[in-house]
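Input: a single structure, listed below in structure tokens.
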Amino acid sequence: MSFNTLGLKAELLRAIKAQGYTTPTPVQAQAIPAILKGGDMLAGAQTGTGKTAAFTLPMLQRLSEASTETTSKRKRPVRALVLTPTRELAAQVAESTQNYGQHLSLKSTVVFGGVNIKPQIDKLRQGVDIIVATPGRLLDHATQKTVDLSQVEILVLDEADRMLDMGFINDIKKILALLPAKRQNLLFSATYSSEIKRLAQQLLHEPTLIEVARQNTATETVTQLVHPVDRARKRELLTHIIKAGEWKQVLVFTRTKHSANRLSKQLEESGITATAIHGNKSQAQRTKALKSFKANDIRVMVATDIAARGLDIDQLPHVVNFELPNVAEDYVHRIGRTGRAGNEGEAVSLVCVDELKLLSGIEKLINREISKEIIAGFAPDPSIKAEAIPNGRNNTGGKQQGRRPTQARPRNAAPKQRNQSQRKQPQRGKNDNSGRSRVSSPSDKNVQIYQASDGLGIQVDPPRTSSEVNGNSIHYQPKETRRPEQRKSVNKKTREVPSLFGG
Ligand code: AMP
């Protein structure tokens, strides 16, 4: 199968070649010809499957084929709108649109919150064919009448399940009301909750249903490893691993913003270039950090879970869990940052005695035991007893025995008041009381969509091995297959340790 057979025009094929893609991914092979025909689509594809190109390429082609008169004095109307849940994803989709469309004369722009609205207004005033946007800021523009969506021909909802998770349904409805009735609608979602089905039924007219064969889950493709270590020695161990393994690009996760800042500073002091990315950073700071990290100017990016959502970094080789997440599903999201698009990846977790409960929760969720390796010189001191994890702050920075843990905010509690610049930041758990699992990609995508007599239905494949998480079957390979040659050798004992912390 080659891109040449999908019906794409030469200008797009040139851009695809420049990206280095030779073979379409399954979602691209199915979606591109169908979207070119002009109908609606419901596609089950999670991030990492090549879904962005799957809708961007045919969208560009359709817009360029029915090009409006660009020489006329009239401003270009907005003809395609892509909505995404996060700013980072919007930026990435916009970048892809520009890359793939570089040999066409279409104009596109990206619109999201957290940055000055003025330059966006200027860009919109000049006229663009395509807008990639997060819902909140787009509505701000609509209210200020700095955008006219009345001539949109193609609407894409990217990662629709995450948009619903983040509470964007009302914003989406308001945006739909601004669009013309006749248009092509493309809905991409990793999961098929009843909310997604309802949205699909309202939005889509006789959609083509695309179901990509289940990709290997991150838990299957990513080599996972736990290094047991004392909480006070995690930073030292991390520095050792990075230096000894000559790791050039590492995404490190911490539980809190404070931890992220502190660790990034400490790494810098140890001679490892690092930056932190989290919700308290301005969008400009986040964009700059990501750019330096992608360009390999910075070796380590320390991130909180929320900040890392939607990040797509090509061939990211290493993910380190400096602190295990409080929510087991976040572990799966975290390790999914590596090993993408068929690349090999490695996820390492530094686990202290306080986190053994979290570790067993993760192992239960992924239905397998993660290999443990003690790095020589970093064996845990069995006399150190477990402490409650104080919801993040400073919980790995030293012997803090006796400090009173603070109360974690319940996951379903009302969100803390956010300031204007943080508006519409990804906010986890907002709809978690819906009764459905938050395990989104990559774990609950083993679904078949079928056309039921009463509309859309879903069907879950018979599992090979499965565990039930709030009613969703999740599937994992039973046994980890670690390739030892994948790791640069770090001086360590490589025996499996049945009892990690001296009993
Ligand atoms: P996405 O699912 O759109 O986030 O894409 C995941 C990654 O796969 C991105 O880094 C893309 O650049 C890459 N990618 C998309 N299509 C292809 C392809 N046909 N061949 C190789 N890599 C691809």
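The values are calculated or read from the model by the stated rules, or taken from the named source; none is laboratory data. As the structure is a prediction and not an experimental result, all values here were calculated from the model. Ideal geometry is used to build each Cβ from the backbone, glycine not excepted, and the neighbour counts take in all protein chains shown. The area values use the complete protein model at the heavy-atom level, side chains included, leaving out ligands, DNA and RNA. Shrake-Rupley method; radii C 1.70, N 1.55, O 1.52, S 1.80 Å.
Remarks
- Structure note, pairs 123/281; 118/294; 123/145; 17/51; 9/291; 145/197: Cα-Cα distances above 23 angstrom occur for 123/281; 118/294; 9/291; 145/197.
- Around the amide H of residue 208, modelled in the peptide plane, lie the amide H atoms of 40, 41, 42, all under 5 Å away and 5 or more residues distant in sequence or on another chain.
- Counting only protein heavy atoms and using a 1.4 Å probe, the accessible area of residue 389 comes to about 40 Å².
- Sorting the segments 278-290, 158-170 by their residues' average number of neighbouring beta-carbon atoms within 10 angstrom, most packed first, yields 158-170, 278-290.
- Ranking of 107, 197 by solvent-accessible surface, largest first: 107, 197 (1.4 Å probe, protein heavy atoms only, all chains present).
- Here the spin labels are modelled as points 7 Å beyond Cα on the Cα-Cβ line, and at residue 18 and residue 363 they lie 5.0 nm apart.
- Listed residues 118, 123 arranged by accessible area, highest first, probe 1.4 Å: 118, 123
- Inter-part distance where segment 173-201 and segment 350-390 are each reduced to a Cα centre, Å: 43
- Accessible area, probe 1.4 Å, largest first, for residues 189, 383: 383, 189
- Residues of segment 116-146 falling in the label zone of residue 66, defined by backbone nitrogen less than 17 Å from a point 7 Å along Cα to beta-carbon, are 129-131.
- Cα gyration tensor shape for segment 222-372, rounded if a/c is under 1.5, else prolate or oblate: rounded
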